[in-house]
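**Student:** Sharing a structure below in structure tokens format, with a few things to ask.
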Amino acid sequence: HCYCKKFMMGTNRLKSRNRLSISSTILQHRNNKQNTEAVGLEAEIIKRRNQACRSLLIQVYSSKSHNDLHNYCSRFGDVLSMHHYQINSQHVCQNYILVEFEDISSINEVMSSASFVNGDYIAPVKSSVLWFRKGQVAALQRNSKKKTTLSVENGCSLPTDQEIWDVSETFSPVKLVISVSQISGQIIVLYEALKLTDLEVRLRFHTAHHLEHYFSRLFQNMKVLPFGSSVNGFGRKRCDLDLVLVPDDSEEHNATSRLVFHSKSMRHNDRTETKEFLGILANTMQHFIPGVFNVRKILEARVPIIKFRYDYTHTECDLSATNMTAIYMTELLNLYGEIDWRVRPLVIAIRVWAKSQEITSDVPGQWITNFPLTLLVLFYLQQKKILPSLKTLKLYATRSDIRCAENGIDCTFLRDINKLPADYKYKPNQDTLETLLHGFFEYYSTFDFNVYGICIREGTQIRKPSRSALHITNPLETTLNVCKNVNLYEVNRIISMSHDAIYALETADKSTSSCWGIMTLLKVNNGNTNQRKLNSTEKQRIEEKFPENHSYEISDKFEVSEVNID
Ligand code: GTP
Ligand code: MG
């Protein structure tokens with residue numbers, strides 16, 4: 001409701017260049033103000049958003065174009081960094097350079113100097129993604145007074161999911177893990193190889209900025225924020241990009257002005273508004289935003305989303321609206337990842353194990369997803385006294401931590417881990433990652449899911465308040481179960497796969513086989529799991545046929561085995 005009101009406050013149609021420079025100035029001013037107050041993930045998000053505002057994504061012929069491009073860009077202002085990457089798809093190799101300027105005013109200058117291609121009809125939308133034409137370079141280089149002094153982060157290619165696990169590929173975590181002689185070391189190597197690099201994080205924020213820039217031509221005071229594993233530190237290469245469109249409350253309004261914009265009133269309830277709004281947005285995205293392809297509207301879900309592929313980074317994206325709880329959940333998960341260095345490597349190892357055993361899947365269904373799986377790991381670490389309960393984090397919250405999401409959901413908890421009492425920082429439990437991995441499987445292979453549920457907020461198991469096969473209380477909205485969709489068959493698979501994992505870890509002999517330690521956990525299970533092996537068209541059909549399966553709360557009646565995808 002809030003964002004709709006704000007969106008409809010009027011369309012003060014400034015020329016796009018003026019609009020960009022004004023909003024940039026406001027953003028810089030706001031960032032200066034907020035930077036002094038924000039801590040933790042909030043501060044990181046402000047920094048990354050500011051970086052994205054000062055960056056352009058430029059397609060070039062090859063990595064060798066970087067000198068020409070640097071010379072050319074330097075005409076518009078000082079360049080802070082350049083990051084080259086390649087995308088290989090269907091035997092076509094595309095090269096991109098992400099150019100970060102020191103000052104946002106340089107972006108305005110580049111934008112006003114750039115042109116559109118001639119010829120066929122195109123939708124002329126100015127954006128921060130451009131193409132560096134061949135042939136113009138030499139002439140411009142002569143005119144350029146600045147010298148190329150910058151080194152380029154070069155040669156990074158964004159791997160496909162298949163390439164990540166292909167041992168013959170240069171980049172293969174499997175290859176790296178094999179060479180390590182301790183399980184704890186294997187887990188760290190796996191984590192380091194899979195976690196998002198600085199460039200990948202930049203590109204995710206740039207994508208959000210790209211959409212936000214386009215939407216700002218239509219509506220006032222809104223921002224697009226990445227959330228989920230792209231920012232909470234549990235993300236791994238090729239993970240999806242979760243985005244949310246939220247009102248930008250930090251923009252200052254001139255309450256004293258007597259002139260107020262005429263605006264449309266909204267007569268529907270919030271949900272209908274959100275659905276209609278996202279529906280319209282999806283159409284404009286499909287037709288007008290460069291790089292956005294394969295747009296799908298999943299509007300019947302509890303949290304309606306637009307799914308699309310972002311071609312410049314080959315990333316699958318989900319865009320939702322006014323979902324501030326998801327942002328606060330991201331902050332919470334990030335905080336848990338910050339509290340102890342073992343959390344993130346352990347979570348990544350268990351996520352990878354779960355994917356290889358087909359416990360999780362990219363397809364929505366009656367199985368557990370990465371988010372609740374992460375909660376299982378966090379809960380286990382609470383039992384080991386490595387992580388505090390959310391109740392404790394709430395206890396130490398200060399005034400600056402007070403947050404309230406939609407529907408009055410209280411999302412207040414301590415944001416600054418430096419303010420956590422020493423007892424919680426210096427833990428008696430110094431178990432190795434190997435012990436914790438083993439312990440995780442032991443804990444859940446014997447957990448009585450039949451009777452008990454998991455509660456991160458209390459940090460203790462609770463009696464299951466519902467008949468769901470798996471109950472994990474939503475830490476921020478305690479009346480909800482984030483695993484309402486999971487059926488008994490899947491719970492039993494988690495238990496039996498945990499037993500198998502213990503056996504595999506204990507019996508694999510590293511002196512006789514290269515497949516030992518966590519390598520034994522990454523072998524794909526050949527059991528009866530064919531129902532998950534769907535191609536992308538089939539996945540899309542399931543998404544469209546069962547949009548409610550994307551919701552955070554899913555109908556108990558849905559049976560994936562009954563889905564006739566033909
Ligand atoms: P991957 O994308 O699989 O790497 O993990 P992710 O943590 O990003 O999970 P996902 O994309 O499924 O969801 C993105 C974020 O949405 C999560 O991190 C949570 O903050 C939130 N989320 C996902 N599922 C639920 C749910 O069932 N309930 C609630 N309240 N939030 C959820
Ligand atoms: Mg995600």
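**Student:** I'm checking a number: the convex hull volume of the Cα atoms of region 329-482, normalised per residue, in Å³. What is it?
**Tutor:** 121
**Student:** At 7 Å along Cα-to-Cβ for each site, give me the label-to-label distance between Arg271 and Ala255 in nm.
**Tutor:** Here the modelled spin labels are 3.4 nm apart.
**Student:** Tell me the carbon and sulfur percent of the accessible area for region 299-376, rounded to whole percent, probe radius 1.4 Å.
**Tutor:** The computed percentage sits at 50.
**Student:** Between Val92 and Val117, what is the label-to-label distance in nm when each label sits 7 Å out along the Cα-to-Cβ direction?
**Tutor:** 0.9
**Student:** Provide the FRET efficiency to the nearest 0.05 for the Ser63-Ser181 pair, computing r from the beta carbons and using R0 = 30 Å.
**Tutor:** My answer for the efficiency is 0.25.
**Student:** Using alpha carbons only, how many angstrom separate the centre of region 307-350 from the centre of region 470-509?
**Tutor:** After rounding, the separation between the Cα centres reads 20 Å.
**Student:** Let me check I've understood the local charge: for Gly459, count other residues with C-beta under 12 angstrom from its C-beta, Lys and Arg +1, Asp and Glu -1. What total comes out?
**Tutor:** Within the 12 Å Cβ shell, the charges total +4.
**Student:** When Lys and Arg each count +1 and Asp and Glu each count -1, what net charge do the other residues less than 15 Å away from Gly439, Cβ to Cβ, add up to?
**Tutor:** Net charge in that neighbourhood comes out at -1.
**Student:** If you don't mind, another one. For region 323-391, what is Rg from Cα atoms divided by 2.2 N^0.38 Å, rounded to two decimals?
**Tutor:** Here the Cα radius of gyration is 1.15 times the empirical estimate.
**Student:** Run the numbers for Arg467 and Thr507: contour at 0.36 nm per residue of separation, minus the present Cα-Cα distance, in nm.
**Tutor:** Difference between extended and current length: 10.7 nm.
**Student:** Full-extension gain between Cys515 and Ser400, please, as 0.36 nm times their residue separation minus the C-alpha to C-alpha distance.
**Tutor:** 36.4 nm
**Student:** To continue, here is another question. Taking the Cα centroid of region 352-385 and of region 189-238, what is the distance between the two, rounded to the nearest whole Å?
**Tutor:** That distance is 22 Å.
**Student:** If we count every other residue with Cβ under 10 angstrom of Leu80's Cβ, Lys/Arg +1 and Asp/Glu -1, where does the sum land?
**Tutor:** Taking every Cβ under 10 Å from that of Leu80, the sum is -3.
**Student:** Follow-up question, since we're still on this one. Between His499 and Glu458, how high is the FRET efficiency from 1/(1 + (r/R0)^6) when r is the Cβ-Cβ distance and R₀ = 41 Å? Nearest 0.05.
**Tutor:** That pair, His499 with Glu458, gives E of 0.90.
**Student:** Does region 259-339 come out rounded, prolate or oblate, given a ≥ b ≥ c as the square roots of the eigenvalues of its C-alpha gyration tensor, rounded meaning a/c under 1.5 and, failing that, prolate meaning a/b above b/c?
**Tutor:** Oblate is the answer for region 259-339, as a/c is 1.5 or above yet b/c matches or exceeds a/b.
**Student:** Turning to a different aspect of this structure: Computing the accessible area with a 1.4 Å probe over protein heavy atoms, can you report the carbon and sulfur percentage for region 38-101?
**Tutor:** Ligands and nucleic acids excluded, carbon and sulfur give 46 percent.
**Student:** Let me ask something else about it. Between Thr432 and Asn492, how high is the FRET efficiency from 1/(1 + (r/R0)^6) when r is the Cβ-Cβ distance and R₀ = 41 Å? Nearest 0.05.
**Tutor:** Efficiency computed from Cβ-Cβ geometry: 0.90.
**Student:** Another question, then. Keeping every protein chain present and rolling a 1.4 Å probe, give me the accessible area per residue for region 172-328 in Å².
**Tutor:** I get 41 Å² per residue for region 172-328.
**Student:** So between Ala43 and Asp410, what do we pick up on full extension, going 0.36 nm a residue minus the alpha carbon distance?
**Tutor:** 130.0 nm
The values are calculated or read from the model by the stated rules, or taken from the named source; none is laboratory data. These numbers were taken from a predicted model, which means no experiment stands behind them. For neighbour counting, all protein chains shown are included, and Cβ atoms are generated from backbone atoms with ideal geometry for every residue, glycine included. When the accessible area is computed, the model is the full protein with side chains, heavy atoms only, and any ligands, DNA or RNA have been set aside. Shrake-Rupley method; radii C 1.70, N 1.55, O 1.52, S 1.80 Å.
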